[in-house]
Amino acid sequence: MTTIHATAIVDREANLGPDVEIGPYCIVGAGVTIGARTRLQSHVVLEGATQIGEDCVIHPFASLGAPPQSKGYRGEPTRLVVGDRNIIREHVTMHRGTATGRGVTTVGSDGFFMAGVHIGHDCIVGNDVTMANTATLGGHVVVEDCVGIGGLAAAHQFTRIGRHAFVGGMAGVNNDVIPFGNVWGNHAHLEGLNLVGLKRRGFSREVINTLRGAYRMLFAEEGTFQERLEDTAAAYAQSPEVMEIITFIRADANRPLTTPQRDV
């Protein structure tokens, strides 16, 4: 049975699934849809055309579905879509899209968004993403599945972060991060592969060693990057993990790429 605390304000046009719990002093607007068994603890604000999936837990003072922080926004109807089983901690903000962008901000399922996280307009965030305290995504950022982002880190607008990558705490990410990459610093640079994450997720030693060999070839100092990219693709064509990196880079060749820091 759905329960709504006496102090909560829930618009009659909001769509609440079965067994939703809405705690004290929450505000739920007219365009909001909340999936089954999702819990709003207290002081949560959901507004605009916002869809929250099933079995989510949203902690106090989170604000989801507010208008985008864009000077070009003129009140157009845009959306926020959040998947299932997400843990959304205190003071998290996720904003709707813009009419000049995708029109929708999308967050996948099984994410863990710690206190103060911000997800800007038109972002695409995949499944099983962890963002530590006050990590920030500017508008139009793409974060693929199984990414970890450390506390106080920030990704610049339009940046792409590939699957299973890790962004270290306080990193400033201006350029795209390859799948399985491990980046640190301000501005961020590649420190190698996300070996800890790969081991935790059950990647075999053989796969990890293959990725390490491909990484060394791709970011060697000899030749041009394009030559190394083609050589790596040819040498590791039978590795789906390496080819995921190659495909990621080729998908938007005009985007700058986060690379290792060279000794000077």
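Values quoted throughout were computed directly from the atomic coordinates according to the rules given, and no laboratory measurement underlies them. For clarity, every value in this text was computed on a predicted model and none was experimentally measured. For neighbour counting, all protein chains shown are included, and Cβ atoms are generated from backbone atoms with ideal geometry for every residue, glycine included.
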With the condition kept exactly as written, say whether any residue in region 150-172 is touching a Ser or Thr at 6+ places or on another chain (Cβ under 6 Å) and on the phi > 0 side of the Ramachandran plot. yes
Scan region 201-218 for residues that are loosely packed, with under 12 Cβ neighbours inside 10 Å and within 15 Å of residue 165 (Cβ to Cβ) and jot them down. 201
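Taking the criterion of being aromatic (Phe, Trp, Tyr) and either closer than 27 Å to residue 143 by Cα or touching a residue at least 40 places away in the same chain (Cβ under 8 Å) (or both), would at least one residue in region 19-27 satisfy it? Show your work before the answer.
Of all residues in region 19-27, those aromatic (Phe, Trp, Tyr) come to 25.
If we keep only those that are either closer than 27 Å to residue 143 by Cα or touching a residue at least 40 places away in the same chain (Cβ under 8 Å) (or both) as well, we get none.
No, that holds for no residue.
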Which residues, counting only those in region 234-250, are within 18 Å of residue 163 (Cβ to Cβ) and small (Gly, Ala, Ser)? 239
